[in-house]
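Taken together, the values in this text are just the output of simple stated rules run on the coordinates, not laboratory data. This one's a predicted model, so the numbers in the text were calculated from it and none came from an experiment. Virtual Cβ from ideal backbone geometry, glycine too; neighbours counted across all protein chains shown.
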């Protein structure tokens, strides 16, 4: 079984002008169309709610999240099942007063899988229930008491019981997929699960924790190809987000990532995740042309057509190279593999923006926040849409949410606040906020493309086009990601500027090489 990466990382997030505001929510808190307007969910649909850790140990809580994610991935291998994505389920975490019916309506599923994990010395006690959402009837339940190095056994038993309970007798191919093991080393697998849970948190501290867990897994099982594939991915993520790891320069991170990916492929030439990691690293190695990246990503999805992250990344690569139609197609395949994937909804919104399909972009943005109401970039985007539609109060609320939810990345929300102040006629406030953004980069000699695009968007909103160009001039490398960002409507005011045109030519994948 190829292990699929169910994390919401890797999509670009730019502030865009002109997006329509989101529609309202249904009475149960879900996005439209409301449940009363829809047919009943498919009887083979299931959502795995986050497993609870009862031990009070933070490490066990991380492990419980990793086990949840692993069951979503494993059940997703059964094509007859419709399994809700991790991000869709995470939206409703903490709804302690809800019963099965409420979860079923909100998630549009017929079945719910819930579980609890408790550590007792060197053993785990794991309780699992499969429930019919509409009636609350428990279809199957089991309690497992296993050694701490037998989580794989529990995962297999649970996935077979759940899949069989929902779709009936399993086909031989389905049983084989559900029984496949990434490693025979239980301790290594526990580190792997924890690494996946950390990786999903999308911040530099958690990413360091993920890399540490994956490296530990690879040390315990030197043939654990998927752990090495995740080591490679973690290095690429540090590069992608411009985060520092052990003060290593970008070329060292790239070299370490390639070394891990090559080792993984030497062990397992048909590892979808390893080919995906190699494709992403190739894009970083040749940031303008993406030489070799698309074939590697195509290899990844050919090996595992259910690898939603690989489809998503293939869509992103196609988008950066200017093939919007292929980008939309690959992104839709990601959603087919993993319904309710917020990061892919957002990517579809951005691709639609660059294609000037503003209505489509607004609808995809609607879906993004419906699937994940903690998506900071989407709040920033909605703030832009509301501000341009005259709803400055709503825009301010959304921009504040983007700042609060952005964590270490407050820039999207701060840039949106510049626009809100400018459209409110408070020029002094807009300029003051722009000055604060400028101070963030006063000593910078280079910016990653996201930083440059957000800062430039803020400068344009404040009426400082030359400042916007100055920010864009700092972006390195001048490659396909920057070129894609410069296509967005937010930068229309600069289209006729010779300096802007020079930047576009320098970043264009099809332009002359300097």
* What is the log10 of I(q)/I(0) for region 231-287, computed with the Debye formula using one identical point scatterer on each Cα and no solvent, at q = 0.15 Å⁻¹? -> -0.37
* Remind me, relative contact order of region 388-500 in percent, using alpha carbon pairs under 8 angstrom and six or more residues apart? -> 20 percent
* Can you put 96, 58, 438 in order, fewest other beta carbons within 10 Å first? -> 96, 58, 438
* Structure fact -> Per the rule of 0.36 nm per residue minus the C-alpha distance, extending residue 212 to residue 102 adds in nm 35.8 nm
* Structure fact -> Reduced to Cα centres, the span from region 440-500 to region 42-97 in Å works out to 40 Å
* To do: Looking at the chain, send over the antiparallel percent of its DSSP beta bridges, to the nearest 5.
  => 70 percent
* Structure fact -> Averaged over all viewing directions, the convex hull of the alpha carbons in region 193-270 casts a projected area in nm² of 4.8 nm²
* To do: Once you have the Kirkwood Rh of the chain from its Cα pairs, apply Stokes-Einstein at 20 °C and 1.002 mPa s and quote D in µm²/s.
  => 91 µm²/s
* Cα-based Rg of region 270-354 normalised by 2.2 N^0.38 Å, two decimals -> 0.99
* Please report how far the C-alpha centroid of region 186-207 lies from that of region 342-377, rounded to the nearest whole angstrom. => 27 Å
* With N set to the residue count of region 115-232, report its C-alpha Rg divided by 2.2 N^0.38 Å to two decimal places. => 1.20
* So, in Å, what gap is there between the alpha-carbon centers of region 252-330 and region 106-179? -> 32 Å
* Cα convex hull of region 349-507, projected area averaged across orientations, nm² -> 8.8 nm²
* Among 238, 454, which comes first, second and so on when ranked by fewest other beta-carbon atoms within 10 Å? -> 238, 454
* Structure fact -> Computed Rg/Rh for region 333-426 (Cα atoms; Rh = Kirkwood radius) stands at 1.00
* How do 194, 284 line up, fewest other C-beta atoms within 10 Å first? -> 284, 194
* Degrees between helix 449-461 axis and first principal axis of the chain (Cα, 0 to 90, nearest 10) -> 50 degrees
* To do: Return the tail of the calculated pair distribution for region 43-87, meaning the percent of Cα-Cα pairs more than 15 Å apart.
  => 45 percent
* To do: Between residue 142 and residue 431, with labels modelled 7 Å along Cα→Cβ, what's the label distance in nm to one decimal, could you check?
  => 6.9 nm
* Express the relative contact order of the chain as a whole percentage, based on alpha carbon pairs under 8 Å and six or more residues apart in sequence. => 16 percent
* Structure fact -> Gyration tensor on Cα atoms of region 436-487, a ≥ b ≥ c root eigenvalues, a/c under 1.5 rounded, else prolate if a/b beats b/c, else oblate, says oblate
